[in-house]
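The values are calculated or read from the model by the stated rules, or taken from the named source; none is laboratory data. The model shown is predicted, which means the values in this text are computed figures rather than measured ones. Heads up, the Cβs are rebuilt from the backbone with ideal geometry, glycines too, and the neighbour counts pull from every protein chain shown. The accessibility values were calculated without ligands, DNA or RNA, using every heavy atom of the protein model including side chains. Shrake-Rupley method; radii C 1.70, N 1.55, O 1.52, S 1.80 Å.
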Amino acid sequence: MKLSKLLITLNLSLTIGLLTPLSTVAAPKVIERVAAVVNNNVILESDINNMLKTIKASTDASNLPNDKVLREQILDRLIIENLILQKAAKAKITINDDEVTNAIARIAAQNGMTIDELRSKLSIMGISYSNYRERIHNDMLIEQTRMNEVRPRIKISEKEVETLTKNLSEQPANNKDVKISHILISVPEKASKQQIDTAINKANDIINRAQKGESFAKLAATYSNDDFALKGGDMGWNKLNELPTIFEERLIRAPKGSIIGPIRSGVGLHILKVDDTRTEAPPKYTIEEMNARHILIKTNVLVTDQIAKQKLNDIRKSITSGTISFEAAAKANSEDPGSAENGGNLGWSRPDVYDSGFRNALVQLKKGEISQPVKSSFGWHLIQLLDTKQTDGTNAVKQDRAYRLIFNRKFSEEAQVWIQELKGDAYINITGEDKHE
């Protein structure tokens, strides 16, 4: 609902209430209350109440703060989500109904249920399936938008990947996994000394309470300013190398149960709790390589798909009948300058280096077999699989893993900065009962 329309409705209702004699009013109508204005959008009290109901139905009550604090946390979460959804609308990012249905089916399957059984479970919990579906849709849209906006900010050099790959091989401690919970006390970008001192005192008080045995999950739900607050700060299992560097340095030797912090970053002060740790020996990986050769016929204005396909069918018949060898046919006909002179030989490669159409046909071939004509983005091919072998792919896998770890670490850091920028550039006015004193 647009803000202007909503305000007209509210003002009209107030006018009617004031001018109409009480005796003529059968019953007051319940009108949606605005909890916050976010740019040109509004967050309604019903939005907060729906999420409050969901959280209470799915979370241990002992890990939740009182309703006032919980509502403030929910409102902050809804403001951030609203800003991201506005960004999604501006960028024309969409999630279709089939994608939502598939996501819900996966969630149901992970919990050993069908979608119908999940619907029944939600009904028992007092949660509307339509509201749940909208929640999943928005979560997917938010995640896609976050990825689209933050990914371009991340730059990873070959040197970074090489260095971490080497560290993964030389430092077994870096194979450590940690299950952690997190509390963020946000600090404005240009905070005054008083604001910084206040945040530090708040963080130290939280650490002191946690060390004395107070529920970390409840403290997170009460005070944390990040996306994990409503999950009790639970960040789940993480590879040590996936976490921000400032976390890794403090966690690498931290035992289970440790409370760590405050750790200062560009977005505020962080408090960590080590819920569990595990260390696994780095596994050995093997990868399959294939030695193949091909004949390529490209299409153009004169050579249609049908002509190219027929030409390759004729060549295949000549090869299989023994009239000509594959090597000679490739030299005479293939339009791939990189392999034609070598009889079409592509050498040893992992299948995933090829175009999807080519790859899908290649992996189905038996040794020595020649494919039917296959279309790829380059044209039409005849493919022959010469041989396969298993090779040690440990280093390649480590490089892939190193890249992923660096990406995840940088993404986490940049996402926090991006959220702060969104809030800093927005008009946000908290108008409802959750307005801070």
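Eigenvalues of the Cα gyration tensor times 5, then square-rooted: what semi-axes does that give for the stretch 177-279, in whole angstrom, largest first?
22, 15, 12
Which peptide among 296-305, 200-209 comes first, and what is the full order, when sorted by highest mean count of other Cβ atoms within 10 Å?
200-209, 296-305
Can you give the percent of C-alpha pairs in the stretch 107-259 whose distance is more than 23 Å? Before the final figure, lay out the partial values.
Values: 6965 of 11628 pairs.
Of all Cα-Cα pairs in the stretch 107-259, 60 percent lie more than 23 Å apart.
Which order do the peptides 422-430, 183-191 take when ranked by the mean count of other beta-carbon atoms within 10 Å per residue, highest first?
Output ranking for 422-430, 183-191: 183-191, 422-430.
Pop out the Kirkwood hydrodynamic radius of the stretch 105-147 from its pairwise C-alpha distances, inverse of mean 1/r, in Å to one decimal.
Roughly 11.1 Å, rounded to one decimal.
Rounded to the nearest 20 debye, what is the charge dipole size of the stretch 340-437 about its Cα centre when +1 sits on each Lys and Arg Cβ and -1 on each Asp and Glu Cβ?
Taking the Cα centre of the stretch 340-437 as origin, the dipole is about 600 debye.
Once both axes come from the Cα atoms, what is the angle between helix 394-425 and the longest principal axis of the chain, in degrees from 0 to 90, rounded to 10?
30
Picking from N39, N241, N82, which is most flexible by a Gaussian network model of the chain using Cα springs under 10 Å?
Comparing N39, N241, N82 in a Gaussian network model of the chain, the most mobile one is N39.
On average, how much accessible surface per residue is there in the stretch 58-143, in Å², for a 1.4 Å probe, leaving out ligands, DNA and RNA? Before the final figure, lay out each step's value.
Numbers: 4830 Å² over 86 residues.
Here the per-residue accessible area is 56 Å².
By how many degrees, 0 to 90 and rounded to 10, does the Cα axis of helix 129-150 deviate from the longest principal axis of the chain?
So the helix axis and the longest Cα principal axis differ by about 70 degrees.
What is the Cα convex hull volume of the stretch 346-431 when expressed per residue in Å³?
That works out to 191 Å³ per residue.
Whenever you get a sec, compute what percent of the accessible area on the chain sits on carbon and sulfur atoms (1.4 Å probe).
The nonpolar share, carbon plus sulfur, comes to 51 percent.
Among K212, K176, K311, which one shows the biggest mean-square fluctuation in a GNM of the chain, springs joining Cα atoms closer than 10 Å?
K311
Convex hull over the Cα atoms of the chain, averaged projected area in nm²?
The number I arrive at for the chain is 31.9 nm².
Report, in degrees rounded to the nearest 10, the 0 to 90 angle that the Cα long axis of helix 45-58 makes with the longest principal axis of the chain.
Roughly 70 degrees, rounded to the nearest 10.
At 37 °C and a viscosity of 0.692 mPa s, what translational diffusion coefficient does Stokes-Einstein give for the stretch 282-431, taking Rh as the Kirkwood radius over Cα pairs? Give it in µm²/s as a whole number.
176
Nearest 20 debye, what's the magnitude of the dipole of the chain about its Cα centre given +1 on Lys and Arg Cβ and -1 on Asp and Glu Cβ?
Roughly 60 debye, rounded to the nearest 20.
Using per-residue counts of other Cβ atoms within 10 Å, averaged over each peptide, order 89-101, 227-239, 362-374 from highest down.
Packing proxy ranking, top to bottom: 227-239, 362-374, 89-101.
Would you work out the relative contact order for the chain, in percent, from Cα pairs under 8 angstrom that are 6 or more residues apart? Mind dumping the intermediate values first?
Details: 607 pairs, mean separation 83.0, N = 437.
With pairs under 8 Å counted, the relative contact order is 19 percent.
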